[in-house]
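The values are calculated or read from the model by the stated rules, or taken from the named source; none is laboratory data. Bear in mind that the values here come from a model prediction, so they are computed numbers and not experimental data. Ideal geometry is used to build each Cβ from the backbone, glycine not excepted, and the neighbour counts take in all protein chains shown.
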Amino acid sequence: MTEAASLPDLHQAIKGCLACPLGAGRMKFVFGEGHPEARLMFVGEGPGRDEDLQGRPFVGKAGELLDRMIGAIGMKREETYIANVVKCRPPDNRTPTPDEARACLGYLHRQIELIRPAVIVTLGATPLRELVGVPEGITKVRGQWRHVRIGDREIPVMPTFHPAYVLRQYTQEVRRAVWEDLRAAKEWIDRPAGS
Ligand code: URA
């Protein structure tokens, strides 16, 4: 199933998923969206209320901020790809359990294999833990390059704060930190080939 040859095929194959208890509670499956060959990919935690209603990632308040963050490094949302660790909304927006994340992780891996991004930016602690295997707190690790091996590729990962956290801690310091992290990711994708 996760051998799908394209993103639309993968979406088709998994949109009825009931592999974990989150499937039964969803309004809409939130596959992810964006440029199918994006160089920059964002991975969040899981759909919230707005995303569950619309079937699209990061469309609520956190999504508006993510769009502004992307704009601040001179890019457009459509040039990137945006996905989550889990594709169905956890009740009351709680953090997905390790079992739920594990049930969904193969789908995210296949998405990443098909998109082949140059850089992944993880948003908050959950994707950093579940996708990259880094258990430390985001405050400690943000801004420091990590790597994840997906299929035959080793992909650089830039951990940053989740936009919902930025909205709660709307200080110049936190906003600057996120901007610096995204700028580092942008510099990496813009570097001359071979350097
Ligand atoms: N928060 C996330 O982690 N993902 C979304 O898609 C929306 C909010």
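Do any helices (runs of 4 or more DSSP H) entirely within the range 1-102 hold 3 or more residues that are within 13 Å of the ligand (Cβ to nearest atom), and if so, which?
Once the helices (runs of 4 or more DSSP H) in the range 1-102 are filtered for at least 3 residues that are within 13 Å of the ligand (Cβ to nearest atom), what remains is 49-54, 61-72.
Just to be sure I understand the filter: pairs with C-beta atoms under 6 Å, separated by 6 or more residues or on different chains, first member in the range 2-20 and more than 9 Å from Arg110 (Cα to Cα) and modelled with pLDDT of 95 or more, second member surrounded by 15 or more Cβ atoms within 10 Å (Cβ to Cβ) and not aliphatic (A, V, I, L, M). Which pairs pass?
Going by the 6 Å Cβ cut-off, the qualifying pairs are His11/Phe31; Ile14/Tyr107; Lys15/Phe29; Cys17/Gly23; Cys20/Glu100.
Of (1) surrounded by fewer than 17 Cβ atoms within 10 Å (Cβ to Cβ); (2) in a loop (DSSP other than H, G, I, E, B), Pro117 satisfies all except one. Which?
(1)
Can you find a residue that is at pLDDT 95 or above, over 26 Å from Tyr170 (Cα atoms) and of a type outside the set (Asp, Glu) anywhere in the range 39-52? Please lay out each step first, then the result.
Applying the first criterion (at pLDDT 95 or above) to the range 39-52 yields 39-52.
Restricting the remaining residues to those that are over 26 Å from Tyr170 (Cα atoms) gives 39.
This time we only want the ones that are of a type outside the set (Asp, Glu), so: 39.
Yes: one or more hits.
Out of the residues in the range 149-176 that are buried (at least 20 other Cβ atoms within 10 Å of the Cβ) and without any contact (Cβ under 8 Å) to a residue 40 or more places away in the chain, which is farthest from Ile189 (Cα to Cα)? Break it down stepwise before answering.
First pass over the range 149-176, keeping only residues buried (at least 20 other Cβ atoms within 10 Å of the Cβ): 157-164, 166.
Filter once more, so that each one left must be without any contact (Cβ under 8 Å) to a residue 40 or more places away in the chain: 157-161.
Details: Val157: 12, Met158: 12, Pro159: 15, Thr160: 17, Phe161: 20 Å.
Among those residues, the one meeting the criterion is Phe161.
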